[in-house]
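Engineer: Got a structure for you, questions after.
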Amino acid sequence: MNNVSSDIIDKWLKAWSLSRKLPLPVKYKSGFKVEVGEEKQKIRYVFPEINDDFIELSKQIDEPWIYLKACASPDEVKDEISENWIIQPPGYMMGCSSPMNISRKNLCEGYRLEYEKYNSTTAVKIIDENGELACIGRIVLVNDLAIYDRIITEENHQRKGLATFLMQELEKIALSNGIHNNFLVATEQGKSLYETMGWELYSSYTSIVIPGI
């Protein structure tokens, strides 16, 4: 079992919800529940570990597009669920006490920065010379934690160091607010990039869902 702090999960889920302008999470037994309200993600339940609450809920739900998530590896989850549930690509909760290991760099020529602020969130956008969005990321400040969310580089703008530059800009926002503890959930691909910046694995993170027909 992972020794994952329920407090960290609470802060991260609050940030996740604020970033997406959704209702804040509420406690559900030993985990949390967010009413997402999307066609292919109605609700998400998140648990700090695989426990009786998670297993019991997985037996109760037969409706599609309700996600159960736990700080556990896919193998740990697989052993506890019925075949109705489909395991999603793995996620990785990661932490970093700044400063990040980034050699400071300038933004590539032909790009500019834009900022948008809402709900304790700052979205940083990198725009190309045609006005198209090339890269975007968000940082949400929740108490003493800076949560990085949805760092995306459009395919035709990759391999130009834009995501690295963006992380540098997001970190400046955290530091300017006196926050040195950083947190995010990475994909397999993102995990490698963040590790080069000094981020460390906090916990495996696995999602399951019953897909619609």
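Engineer: Does Ile87 fit the bill of being over 20 Å from Leu193 (Cβ atoms) and over 22 Å from the mean Cα position of the chain (by Cα)?
Structural biologist: Spelling it out, it is not the case that Ile87 is over 20 Å from Leu193 (Cβ atoms) and over 22 Å from the mean Cα position of the chain (by Cα).
Engineer: Also, quick follow-up: Got a number for residues in segment 169-193 being modelled with pLDDT under 95 and either buried (at least 20 other Cβ atoms within 10 Å of the Cβ) or out of contact with any helix residue (DSSP H, G or I) (no Cβ under 7 Å at 6 or more places or on another chain) (or both)?
Structural biologist: Adding up the residues that qualify gives 4.
Engineer: Sticking with this structure for a sec: Can you confirm whether Ile102 is touching a Pro at 6+ places or on another chain (Cβ under 6 Å) and within 20 Å of Ala174 (Cα to Cα)?
Structural biologist: Spelling it out, it is not the case that Ile102 is touching a Pro at 6+ places or on another chain (Cβ under 6 Å) and within 20 Å of Ala174 (Cα to Cα).
Engineer: Of all residues being in a strand (DSSP E or B) and not hydrophobic (A, V, I, L, M, F, W, C) in segment 58-75, which is surrounded by the most Cβ atoms within 10 Å (Cβ to Cβ)? Just the residue, please.
Structural biologist: Within segment 58-75, the match that is surrounded by the most Cβ atoms within 10 Å (Cβ to Cβ) is Lys69.
Engineer: Follow-up question, since we're still on this one. Taking the conditions exactly as written (without any contact (Cβ under 8 Å) to a residue 24 or more places away in the chain, part of a loop (DSSP other than H, G, I, E, B) and either outside the structural domain of Lys14 (by TED's automatic domain parsing) or acidic (Asp, Glu) (or both)), does Glu114 satisfy them or not?
Structural biologist: The answer is no for Glu114.
Engineer: Quick check on segment 37-57: of everything there that is in contact with a helix residue (DSSP H, G or I) (Cβ under 8 Å, 6 or more places away or on another chain) and among the aromatic types (Phe, Trp, Tyr), which residue is farthest from Leu24 (Cα to Cα)?
Structural biologist: Out of the qualifying residues, it is Phe47.
The values are calculated or read from the model by the stated rules, or taken from the named source; none is laboratory data. Keep in mind that this is a model prediction, so the values were computed, not measured. Glycine also receives a Cβ, built like all others from the backbone with ideal geometry; neighbour counts cover every protein chain displayed.
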